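Take a look at the structure set out below.
The values are calculated or read from the model by the stated rules, or taken from the named source; none is laboratory data. All figures in this text were calculated on a predicted structure; none of them were measured in a lab. Virtual Cβ from ideal backbone geometry, glycine too; neighbours counted across all protein chains shown. Side chains included, ligands, DNA and RNA excluded: accessible areas come from the protein's heavy atoms. Shrake-Rupley method; radii C 1.70, N 1.55, O 1.52, S 1.80 Å.
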Amino acid sequence: MEIIDEARNIVLIGLMGSGKSAIGRTIAKKLGRRFIDTDRYIERKAGKTVAEIFQTDGESAFRNFEKESIKKISQYVGIVIATGGGAIKDPENFRFLKESGWIIALYASPETLYKRISGKRIRPLLLNEKNPIKKLEEISNERKQMYAMADFQVDTEDKDINQIADEIISLLNVSNFSPIQDAG
Ligand code: S3P
């Protein structure tokens, strides 16, 4: 079996609620890789939450933070990256991530996405939305072309985190490569 390059990052993209962070963390643990969530990285650097950045500085300021962060994070090697759902709207972000490794797009129905994010951390794009499921559908339509450019498409509906992580690992043929040290 061909083993993929250990230096290649594993990058998860998809709408909010598609499971990028939970699945990414699980893949990283299974493979002994470092895990970076771009939203958490931005929050650490900015000293405030994504919701606070949207509220006080606006979406375009958030997108600038996001772009700067993705440029930096893409320079790591052999890590697992969970991106914010809108990160790949910027073609340059997509290119940086693509050059750093494999891109995996995660999918679920708007109803499932909404169920997964309800009662969790605030998603600014859904704040004050009367019909969040319809809004998720709209965002999905706006972004589907970008998500379709991923190397692999993975349906997460009715599957658990562990099962999806294993599916992605076997897709990438990385199941039996030796764990590497923390990339820094
Ligand atoms: C966004 C998704 C969020 C976060 C920000 C914008 C989006 O991340 O980056 O609220 O544009 O879809 P999650 O996908 O982790 O919820």
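Find the relative contact order for the chain and round it to a whole percent, using C-alpha pairs within less than 8 Å whose residues are 6+ positions apart.
38 percent
As I understand it, the value is the acute angle between the Cα axis of helix 20-31 and the longest principal axis of the Cα atoms of the chain; what does it come to in degrees, rounded to 10?
20 degrees
Ranked by accessible surface with a 1.4 Å probe, highest first, in what order do 37, 158, 5 come?
Largest to smallest exposure gives the sequence 158, 5, 37.
Probe 1.4 Å, all protein chains in place: accessible area of residue 60 in Å², nearest 10?
The value for residue 60 is about 80 Å².
Tell me, what is the FRET efficiency for residue 29 and residue 131 to the nearest 0.05, using R0 = 25 angstrom and their Cβ-Cβ distance as r?
Working from the Cβ atoms, E equals 0.10.
Kindly give the semi-axes, whole Å and largest first, of the ellipsoid equivalent to the chain, taking each as the square root of 5 times a Cα gyration tensor eigenvalue.
Whole-Å semi-axes of the equivalent ellipsoid: 26, 19, 14.
As an exercise, use a Förster radius of 30 Å and the Cβ-Cβ distance of residue 60 and residue 7 to find the FRET efficiency, rounded to the nearest 0.05.
Given R0 = 30 Å and the Cβ-Cβ separation, E is 0.35.
So who's got an amide H within less than 5 Å of the one on residue 123, skipping anything under 5 residues away but keeping other chains? H placed 1.01 Å off N, in plane.
none
On the protein heavy atoms, probe 1.4 angstrom, tell me the percent of accessible surface of the chain carried by carbon and sulfur.
50 percent
When all protein chains stay in place, what accessible area (Å², nearest 10, 1.4 Å probe) is found for residue 109?
Taking all protein chains as shown, residue 109 has close to 40 Å².
Under a point-charge model restricted to the Cβ atoms of Lys and Arg (+1) and Asp and Glu (-1), what is the dipole moment magnitude of the chain relative to its Cα centre, in debye to the nearest 20?
That gives the chain a dipole magnitude of about 520 debye.
Excluding ligands and nucleic acids, what accessible area in Å² is computed for residue 15 using a 1.4 Å probe, to the nearest 10?
10 Å²
In a shell of Cβ-Cβ distance under 12 Å around residue 157, excluding residue 157 itself, what net charge do Lys and Arg (+1) and Asp and Glu (-1) give?
Neighbour charge sum, excluding residue 157 itself: -1.
With +1 on each Lys and Arg Cβ and -1 on each Asp and Glu Cβ, and nothing else charged, work out how big the dipole of segment 92-182 is about its Cα centre, in Debye to the nearest 20.
About 480 debye.
Taking trypsin sites (Lys or Arg not before Pro) as candidate sites, keep only those in a DSSP loop with at most 12 other Cβ atoms within 10 Å, then name the longest stretch of the chain containing none of them.
Answer - 1-119.
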